[in-house]
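Visitor: Just dropping this structure here.
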Amino acid sequence: MNLIPDVEVHRPRSLEEALKFMELPDSKPIAGGTDLIIDLREGACEARNLVDLTQVKELDYIRETDGRIRIGAMTHHSDLVASDLIKSKAPVLSEAADLVGSIQIRNLGTVGGNICNASPGADTATPLLVLGAEATISSAEGNRTIPLSEFFTGPKRTSLNPGELLTELSFPTPPAGSGGAFQKLGRRKGCTLSLLNIAAYVELDGDTCSKARVAVGACAPTPVRIKDVEEMLKGKKIDDAVIGEASSACYGLVQPSQRAHSRASEEYRRDMSCVLMRRALTTALERARRNK
Amino acid sequence: MKVSFQLNGQDIEVEAPGNRALLDLLRDDLGVKSVKKGCENGECGACTVLLDGAPVTSCLVLVPQVEGKTVTTVDGLEDDPFMVKLRQAFLEDGAIQCGFCTPGMLISSYTLLRENPDPTEDEIKIAIEGNICRCTGFTKIIAAIGDAAERMTDE
């Protein structure tokens, strides 16, 4: 039996209250606890003041304003899955959220928690990266907004300063002629961590790809874009040959861990990155064409 | 700290330390033994309960986090028509061996049938992906859930 250490739990009802509690020493926010409770039980988290965000309703929203889709950090994965807005305008994100853990985990876990836990294999990270997402961070001193790519600094490490809370993730509403897709590889089909995941996003101008963003998870210290693959797609008429070339290139471009005890061998991840990229690009392209 | 919530339809107030998991409160403080302790990591689903009607793994929920919410276990669904059909199907179809996964399986499949009265086999598998059974190999559980769905629509 693994005991949760002796922590104080503070229950703010507003963001302002939450930020005051975050000023306490060794503070850490808790949302669904699907990563944090495990870390606490294993002694991997030294926090002693938990700031429970369950009652901070102002952080739980999905909305579209001024051409941007804005998602509050306390939005549960199950709500992303059910959201008509996300399913219709950014299915790459809803289908990723639908693959996080199990139904129980999706009902507890939040997109903010997934991003702040910053596993290199975080399922919602790669979709948000290819959607061009920004992260809004608040503290008692004020707010700042940074590209999501600058949020991740290493395995399970972020650029959050002590006392700061991630409050919102936002991205431009994908336009007509755009399409995105997500692919995940795990040890099994359900309730599994990502051995590898890929998100792809393209924008078509007629038949030509005007924008391409692809990102890979669990193949680097953080979720990352693969710029070299993006360059192979931009300005081209994307057909099976172009997709094939871009997918094969992944083999040498991804940087999976070489540690002997990691979840999958380096070789396997390299091989499968090509397969998942091909599937993701094919689906993204189909969606872009249907979405004109 | 004092926490007020509703358990199986009854308003209750408990006094518990902040670091108490809902699972331990239910089993050890409130005597609700139907909720089982398996992995304590949210992976096995043996501790699954409904929190505001949604299945969650209670090993990951801290007691303070249920303030003002409803918690439901199989004990609170005994007479529910969907649960009656599910229990009957589980018993008749041989979907129970040691019984340890059963309460969690019932909660997950109950939720499925409430939302989707005619699930496909794939939809059933997704509904129980967070519940592990070490005895049955899942086949009879999946069949039982399908049978329960059929019997509900037959009525």
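Visitor: I need every pair where a residue in region B:42-63 that is over 12 Å from B:T111 (Cα atoms) and more than 7 Å from chain A (Cβ to nearest Cβ) has its Cβ under 6 Å from the Cβ of a residue that is crowded, with 24+ Cβ neighbours inside 10 Å and hydroxyl-bearing (S, T, Y), sequence separation at least 6 or different chains.
Guide: So the pair list comes out as B:C47/B:T57; B:C47/B:S58.
Visitor: Continuing with the same structure: Of all residues in region A:117-141, how many are in a helix (DSSP H, G or I) and crowded, with 24+ Cβ neighbours inside 10 Å?
Guide: Qualifying residue count for the region: 6.
Visitor: Please indicate, with yes or no, whether at least one residue in region A:199-207 is in contact with a strand residue (DSSP E or B) (Cβ under 7 Å, 6 or more places away or on another chain) and among the small types (G, A, S).
Guide: Looking for residues that are in contact with a strand residue (DSSP E or B) (Cβ under 7 Å, 6 or more places away or on another chain) and among the small types (G, A, S), one finds at least one in region A:199-207, hence yes.
Visitor: Given the criteria farther than 24 Å from A:L281 by Cα and either away from chain B (no Cβ under 14 Å) or surrounded by 16 or more Cβ atoms within 10 Å (Cβ to Cβ) (or both), does A:P155 qualify?
Guide: yes
Visitor: Provide a single number: the residues in region A:95-109 that are touching an Asp or Glu at 6+ places or on another chain (Cβ under 8 Å) and not in a loop (DSSP other than H, G, I, E, B).
Guide: Result for region A:95-109: 4.
Visitor: Run A:M74 past the list (1) facing another protein chain (nearest Cβ under 9 Å); (2) more than 15 Å from B:R20 (Cα to Cα); (3) crowded, with 22+ Cβ neighbours inside 10 Å and report the number of the one that doesn't hold.
Guide: Looking at each condition in turn, A:M74 falls short on (1).
Visitor: Which residues, counting only those in region B:1-13, are surrounded by fewer than 19 Cβ atoms within 10 Å (Cβ to Cβ) and either in contact with a Cys (Cβ under 9 Å, 6 or more places away or on another chain) or under 24 Å from A:I38 (Cβ atoms) (or both)?
Guide: Result: B:M1, single match.
Visitor: Pull out all pairs, ordered by first then second residue, where Cβ-Cβ is under 6 Å, the residues are six or more apart or on different chains, the first lies in region A:244-258 and is more than 14 Å from A:K227 (Cα to Cα), and the second is among the acidic types (D, E) and surrounded by fewer than 18 Cβ atoms within 10 Å (Cβ to Cβ).
Guide: That search, which allows pairs on different chains as well, returns A:P256/A:E266; A:Q258/A:E266.
Visitor: Take residues that are of a type in the set (D, E, K, R) and within 20 Å of A:T192 (Cα to Cα) and tell me which of the helices (runs of 4 or more DSSP H) falling wholly in region B:98-155 contain 1 or more.
Guide: B:121-127
Visitor: Separate question: Suppose we keep only residues that are in contact with a strand residue (DSSP E or B) (Cβ under 7 Å, 6 or more places away or on another chain) and among the β-branched types (V, I, T) within region B:101-144. Which one would you say is surrounded by the most Cβ atoms within 10 Å (Cβ to Cβ)?
Guide: Out of the qualifying residues, it is B:I107.
Visitor: On to the next question. Report those strands (runs of 3 or more DSSP E) wholly inside region A:1-68 carrying at least 1 residues which are within 9 Å of chain B (Cβ to nearest Cβ).
Guide: Because the criterion is at least 1 residues that are within 9 Å of chain B (Cβ to nearest Cβ), the strands (runs of 3 or more DSSP E) in region A:1-68 that meet it are A:8-10, A:27-30, A:49-52.
Visitor: Could I ask something else about it? Any residue in region B:29-40 that is crowded, with 24+ Cβ neighbours inside 10 Å, closer than 20 Å to B:R134 by Cβ and within 14 Å of another protein chain (Cβ to nearest Cβ)?
Guide: Yes, there is a match, as at least one residue in region B:29-40 is crowded, with 24+ Cβ neighbours inside 10 Å, closer than 20 Å to B:R134 by Cβ and within 14 Å of another protein chain (Cβ to nearest Cβ).
Visitor: Which one is surrounded by the most Cβ atoms within 10 Å (Cβ to Cβ) among residues in region A:159-194 that are touching a strand residue (DSSP E or B) at 6+ places or on another chain (Cβ under 6 Å) and under 16 Å from A:P120 (Cα atoms)?
Guide: Top of the filtered list is A:F182.
Each value in this text was obtained by applying a stated rule to the coordinates, not by laboratory testing. Values in this document were obtained by computation on a predicted structure and should not be read as measured data. Ideal geometry is used to build each Cβ from the backbone, glycine not excepted, and the neighbour counts take in all protein chains shown.
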